[in-house]
1. Got a sec to turn the phi values of the stretch 11-25 into Karplus ³J(HN,Hα) couplings, 6.51 cos²θ - 1.76 cosθ + 1.60 with θ = phi - 60°, whole Hz, x for Gly and Pro?
2. What number comes out for the charge environment of Glu6, summing +1 per Lys or Arg and -1 per Asp or Glu over other residues with Cβ under 13 Å away?
3. Using a cut-off of 12 Å between beta-carbons, work out the net charge of the residues near Gly32 (Lys and Arg +1, Asp and Glu -1, Gly32 not included).
Amino acid sequence: MGDQPEWHTHFATKLPGYAAALTLSQAEEDNGVADNLIDTHLEPET
């Protein structure tokens with residue numbers, strides 16, 4: 001798993017700053033942030 005939790009946290013933090021340039025709707029931005037924050041808490045499958 002390595003740096004994945006940190007990557008997801010970083011992505012969730014930075015996404016709102018790029019949402020306008022990426023033409024994301026508010027719902028898409030919110031979902032992207034939420035998905036990545038949830039991914040920081042998931043355990044890898046064994």
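Throughout, read-outs are computed from the coordinates displayed, never taken from laboratory work. Quick caveat: nothing in here was measured; it's all calculated off a predicted structure. Cβ placement follows ideal geometry from the backbone for every residue including glycine, while neighbour counts extend to all protein chains displayed.
1. Per residue, the Karplus-derived 3J(HN,Hα) values read 4, 4, 6, 7, 3, x, x, 10, 4, 5, 5, 8, 6, 8, 6 Hz.
2. That works out to -1.
3. Residues close to Gly32 contribute a combined charge of -4.
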